[in-house]
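Below is one structure, written out as structure tokens; the observations come after it.
Read the figures in this text as sums done on the coordinates, not as results from a lab. Everything numeric in this text was worked out from a predicted model, so none of it was measured. Cβ placement follows ideal geometry from the backbone for every residue including glycine, while neighbour counts extend to all protein chains displayed.
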Amino acid sequence: MLAPYFTGKSFTARAMYFELLQLRLITHVQGRLQRGELTERGLARRTGISQPHLHNVLKGVRGLSPQMGDLLLRHLHITLIDLLNTDELARRSLEDGGSWPADTRFPGANRIR
């Protein structure tokens, strides 16, 4: 399994932090690059992110901005929910007493309840 080059605080099992989701997104991209599904250059081109900047983010030299994260999520056709593991999804379902809104898979389609 690929691990990001970041060293940081450990996260508790019950807590969910933005930094954890950023690290998971980077790990996801690294995995797809390693499997040959993407190239760093191609991903940079399609997202409009400079290749050196993307390389430095993936290497851990630079941070992943929320805007850059959104570009990557959109291009890869995934959402933050896709970065959660099954235990987190199950816990969310139990705590919430329900399910995720159907429109969370499409960025910008969420509505305030």
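Placing unit charges on each Cβ (+1 for Lys and Arg, -1 for Asp and Glu) gives segment 18-100 a dipole about its Cα centre, and among 75, 29, 42 the Cα reaching farthest toward its positive end belongs to 42. Ellipsoid semi-axes for segment 18-100, based on the Cα gyration tensor and the rule √(5λ), read 27, 12, 11 Å when sorted largest first.
Per-residue counts of other Cβ atoms within 10 Å, averaged by peptide: what ranking do you get for 47-53, 71-77, highest first?
Details: 47-53: 13.6, 71-77: 15.4.
With the highest mean Cβ count within 10 Å placed first, the list reads 71-77, 47-53.
Once the Cα-Cα distance is subtracted from the 0.36 nm per residue extended length, the residue 89 to residue 18 segment shows a gain of 24.0 nm.
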